[in-house]
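Below is one structure, written out as structure tokens; comments come after it.
The values are calculated or read from the model by the stated rules, or taken from the named source; none is laboratory data. Every value quoted in this text rests on a predicted model; they were computed, and no experiment measured them. Heads up, the Cβs are rebuilt from the backbone with ideal geometry, glycines too, and the neighbour counts pull from every protein chain shown.
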Amino acid sequence: MAELVPRFKEEHVFVIEAFIVHSVRESGRHGVVIGLSGGVDSALVAKLCADALGADRVLALALPDGKGGKDLRDAKKFAKALGIMFGVMNIGPIATSFERRLRASASPNPVAQGNLRARTRMAVLYYVANTEERIVMGTGNKSEILVGYTTKFGDGAADFLPIGDLYKTQVLGMARHLGLPPEIVDKVPTAGLWPGQTDEGELGIPYAELDRILLGIELQLEPDAIAEKAQVPLDHVGHVQALVASSVHKRKMPLIPKVGVRTVGLDWRE
């Protein structure tokens with residue numbers, strides 16, 4: 001039975017770094033800005049950008065909601081090791097100001113509050129990108145994109161997504177290959193949107209299992225075949241299929257009703 005496991009390959013590094021160089025050159029901008037959370041995805045993107053462009057063209061911003069704690073210390077230490085520029089902005093007061101104006105505290109909604117913080121971070125990154133002639137390098141991976149584990153127009157928004165075709169397990173493989181610190185690579189994945197929040201807790205499935213199922217879906221295998229080859233319960237396959245199906249809107253530009261000869265998002269090719 002063929003093994004259904006996404007594998008990191010060394011040539012992925014060269015492909016992605018060439019993509020980064022081309023993307024920045026075509027943009028006409030001076031460099032990139034990255035939201036550096038202290039997690040493995042953003043650390044890997046920072047490393048790839050520094051290697052591809054040179055450390056002097058990379059600005060990393062830590063955007064904690066509050067003091068930041070260990071994640072902030074890890075981000076700062078890693079940025080220093082890479083030799084890239086680093087800054088910190090506490091987005092807590094900005095998000096709290098939004099909530100106060102919206103009277104959100106009267107009926108708190110953790111998901112809405114988490115999404116607001118993700119969108120606040122992206123607003124900060126784009127402000128810096130606009131004022132410093134940079135592009136925003138996103139840090140989303142393929143696993144998150146396919147199941148919609150992103151905030152629309154928040155962390156899902158960026159000019160380019162250099163690791164967007166790597167499953168989380170491939171991200172971990174590349175991070176280890178490139179020598180990223182164990183304290184970052186082995187950290188429990190979290191978006192840091194509220195206390196105690198973890199990726200796998202919200203998704204209801206470990207990344208290792210999720211990625212095997214997603215690869216089966218990518219290969220257009222039948223659910224029974226995915227369950228057998230990925231060695232997972234059939235209902236887990238159904239759960240992931242439902243996540244992929246319900247998040248299609250996050251992977252597309254807003255739909256436009258067709259009234260013209262060629263319509264953006266439908267048949268306008270460029």
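Is it true that residue 100 is surrounded by fewer than 17 Cβ atoms within 10 Å (Cβ to Cβ) and either basic (Lys, Arg) or within 16 Å of the chain's Cα centre (by Cα) (or both)? Full working, then the answer.
Values: surrounded by fewer than 17 Cβ atoms within 10 Å (Cβ to Cβ): yes; either basic (Lys, Arg) or within 16 Å of the chain's Cα centre (by Cα) (or both): yes.
Criteria met by residue 100.
Could you check how many residues of segment 245-261 are within 19 Å of residue 148 (Cα to Cα) and either in contact with a Pro (Cβ under 8 Å, 6 or more places away or on another chain) or surrounded by fewer than 17 Cβ atoms within 10 Å (Cβ to Cβ) (or both)? Let's see the steps before the verdict.
First pass over segment 245-261, keeping only residues within 19 Å of residue 148 (Cα to Cα): 245-255.
With either in contact with a Pro (Cβ under 8 Å, 6 or more places away or on another chain) or surrounded by fewer than 17 Cβ atoms within 10 Å (Cβ to Cβ) (or both) added as a condition, the list becomes 245-246, 248-249, 251-255.
So the count comes out to 9.
Only one residue in 57, 29, 7 is under 17 Å from residue 134 (Cβ atoms), of a type in the set (Lys, Arg) and out of contact with any Gly (no Cβ under 6 Å at 6 or more places or on another chain). Which one? Let's see the steps before the verdict.
Values: 57 fails: out of contact with any Gly (no Cβ under 6 Å at 6 or more places or on another chain); 7 fails: under 17 Å from residue 134 (Cβ atoms).
Answer to the check: 29.
Residues of segment 126-185 being charged (D, E, K, R) and either out of contact with any strand residue (DSSP E or B) (no Cβ under 8 Å at 6 or more places or on another chain) or closer than 20 Å to residue 248 by Cβ (or both), which ones?
Keep residues of segment 126-185 that are charged (D, E, K, R), which gives 132-134, 142, 144, 152, 155, 159, 165, 168, 176, 183.
Answer for segment 126-185, where residues must be charged (D, E, K, R) and either out of contact with any strand residue (DSSP E or B) (no Cβ under 8 Å at 6 or more places or on another chain) or closer than 20 Å to residue 248 by Cβ (or both): 142, 144, 152, 155, 165, 168, 176, 183.
If we keep just the residues of segment 126-150 that are of a type in the set (Ser, Thr, Tyr) and at pLDDT 95 or above, which is farthest from residue 22 (Cα to Cα)? Talk me through it step by step, then tell me what you get.
At the first step, the residues of segment 126-150 found to be of a type in the set (Ser, Thr, Tyr) are 126-127, 131, 139, 143, 149-150.
Applying the additional criterion that residues be at pLDDT 95 or above yields 126-127, 131, 139, 143.
Working: 126: 20, 127: 23, 131: 22, 139: 17, 143: 24 Å.
Per the stated criteria, the residue is 143.
Among (1) in a helix (DSSP H, G or I); (2) within 24 Å of residue 17 (Cβ to Cβ); (3) of a type in the set (A, V, I, L, M), where does residue 166 come up short?
(1)
Would you please list the contacts, defined by Cβ atoms under 6 Å and residues six or more apart or on different chains, that run from a residue in segment 129-150 that is surrounded by fewer than 24 Cβ atoms within 10 Å (Cβ to Cβ) to a residue that is among the polar types (S, T, N, Q)?
Correct list of pairs: 135/27; 140/150; 148/247.
Go through (1) of a type in the set (D, E, K, R); (2) without any contact (Cβ under 8 Å) to a residue 12 or more places away in the chain; (3) in a loop (DSSP other than H, G, I, E, B) and name the single condition residue 187 misses.
Status for residue 187: all satisfied but (2).
Only one of 223, 182 is surrounded by fewer than 19 Cβ atoms within 10 Å (Cβ to Cβ) and over 29 Å from residue 52 (Cα atoms). Can you tell me which? Lay out the reasoning, then the answer.
Numbers: 182 fails: over 29 Å from residue 52 (Cα atoms).
Result: 223 is the single residue among 223, 182 that is surrounded by fewer than 19 Cβ atoms within 10 Å (Cβ to Cβ) and over 29 Å from residue 52 (Cα atoms).
Within segment 56-105, track down each residue that is closer than 19 Å to residue 189 by Cβ and among the acidic types (Asp, Glu).
Scanning segment 56-105 gives 65, 71, 74.
Of (1) of a type outside the set (S, T, N, Q); (2) touching a Gly at 6+ places or on another chain (Cβ under 6 Å); (3) surrounded by fewer than 19 Cβ atoms within 10 Å (Cβ to Cβ), residue 88 satisfies all except one. Which?
Looking at each condition in turn, residue 88 falls short on (2).
Is it the case, given these coordinates, that residue 159 is charged (D, E, K, R), under 13 Å from the mean Cα position of the chain (by Cα) and surrounded by fewer than 21 Cβ atoms within 10 Å (Cβ to Cβ)?
Details: charged (D, E, K, R): yes; under 13 Å from the mean Cα position of the chain (by Cα): yes; surrounded by fewer than 21 Cβ atoms within 10 Å (Cβ to Cβ): yes.
In short, yes.
Only one of 72, 53, 59 is of a type outside the set (Gly, Ala, Ser), in contact (Cβ under 8 Å) with a residue 24 or more places away in the chain, buried (at least 22 other Cβ atoms within 10 Å of the Cβ) and under 17 Å from residue 139 (Cβ atoms). Can you tell me which? So that I can check it myself, show each step before the final result.
On the way: 72 fails: buried (at least 22 other Cβ atoms within 10 Å of the Cβ); 53 fails: buried (at least 22 other Cβ atoms within 10 Å of the Cβ).
After applying the criteria, what remains is 59.
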